[in-house]
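The values are calculated or read from the model by the stated rules, or taken from the named source; none is laboratory data. Just so it is clear, the structure is predicted and the values come from calculations on it, not from any experiment. A quick note on method: Cβ atoms are made from the backbone with ideal geometry, for glycine too, and the neighbour counts reach across all protein chains shown.
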Amino acid sequence: MEMLLFIIGIVIIYFIYQKGQFTFFTKIIFRGNDKEKIIALTFDDGPQPPYTENILKVLNKNKILATFFLLGENIKKHPESVKKIISGNHEIGNHSYSHKKMLFKSPDFIQKEIQKTDEILKTYKIETKIFRPPFGVGLLILPFIVKLFEKNIIIWSINSKDYLGLSAEKISERILRKIQPGSIILMHDGSGVDSGNRSNTVETLKIIIPQLKKMGYKFSTISNLPLK
Ligand SMILES: [Zn+2]
């Protein structure tokens, strides 16, 4: 039985990654409309000072709105950073409570991970309609549970891989090479996976934003990104 579930899971994940967009129970979004030059910058695993703040400075200076997928655990640690995201009018998404992989976890575990973060966000008067699973993965059960929370699942179309310790130039090159109308770009202000120095992410923004503007791209939060 477990083996069967595993195989079904792999097939679904394969299908999701091949098709780019796939609807099962709740919407799973990988990118926006490819006809308009609008893209979304997204930042995961925060908030984490000073990187969240430094990213916000670059975004606000450029009058760009972005989306932050926050971890409940980190919201508790850094309430001041959350307030800064909110006061900059950026969007906040739920990225679980403790960043544990949601593959092969019980429905109860998944539900609690989402609910705990929702409850903390409520104390900031935030009710988010978007969820990004840790590591962007989940099996059949995940879209079903996320549907109960009336949220969409947001993945990405460009992984900046800013968690690999690459230089800002390398990360920028990668993003600029892959950019397309409707791209959703994954970056990190926090450290769900590694030790978490995000200086290169901040520097990357300083390189790519002027370039992308020159190429005619506009920036949007996830909820305002035009879909197909
Ligand atoms: Zn993450």
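Structure above, values below:
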item	result
Which numbered condition Leu176 misses (of (1) in contact with a strand residue (DSSP E or B) (Cβ under 8 Å, 6 or more places away or on another chain); (2) assigned to a helix (DSSP H, G or I))	(1)
Candidates Asn60, Asn74, filtered to the one that is polar (S, T, N, Q), away from the ligand (no atom under 16 Å from the Cβ) and either over 21 Å from Ile184 (Cα atoms) or surrounded by fewer than 18 Cβ atoms within 10 Å (Cβ to Cβ) (or both)	Asn60
Test result for Pro143, of a type outside the set (S, T, N, Q) and at pLDDT 95 or above	no
Residue that is surrounded by the most Cβ atoms within 10 Å (Cβ to Cβ), among those in region 215-228 that are part of a loop (DSSP other than H, G, I, E, B) and within 16 Å of the chain's Cα centre (by Cα)	Ile222
Condition check for Ile158: closer than 17 Å to Leu41 by Cα and of a type in the set (Val, Ile, Thr)	yes
Scan of region 67-107 for residues that are more than 30 Å from Leu139 (Cβ to Cβ) and in contact (Cβ under 8 Å) with a residue 60 or more places away in the chain, ordered by number	His90
Any hit, region 185-197, residues being more than 16 Å from the ligand (Cβ to nearest atom) and crowded, with 16+ Cβ neighbours inside 10 Å	no
Out of Leu166, Leu212, sole residue that is aliphatic (A, V, I, L, M), surrounded by 13 or more Cβ atoms within 10 Å (Cβ to Cβ), more than 16 Å from the ligand (Cβ to nearest atom) and part of a helix (DSSP H, G or I)	Leu212
Test: Thr52 is in contact (Cβ under 8 Å) with a residue 60 or more places away in the chain, part of a helix (DSSP H, G or I), within 16 Å of the ligand (Cβ to nearest atom) and among the β-branched types (Val, Ile, Thr)	yes
Residue satisfying all of: in region 114-150; outside any loop (DSSP other than H, G, I, E, B) and of a type in the set (Val, Ile, Thr); farthest from Thr26 (Cα to Cα) among these	Ile120
The listed residue being away from the ligand (no atom under 16 Å from the Cβ), modelled with pLDDT of 95 or more, more than 16 Å from the chain's Cα centre (by Cα) and β-branched (Val, Ile, Thr), out of Ile175, Ile207	Ile207
Residue ID - farthest from Thr221 (Cα to Cα), chosen from residues in region 100-139 that are under 16 Å from the mean Cα position of the chain (by Cα) and small (Gly, Ala, Ser)	Gly138
Total residues in region 97-113, condition assigned to a loop (DSSP other than H, G, I, E, B) and surrounded by 18 or more Cβ atoms within 10 Å (Cβ to Cβ)	3
Region 82-113 - residue that is within 16 Å of the ligand (Cβ to nearest atom) and out of contact with any Phe, Trp or Tyr (no Cβ under 9 Å at 6 or more places or on another chain) and, of those, nearest to Phe25 (Cα to Cα)	Ile110
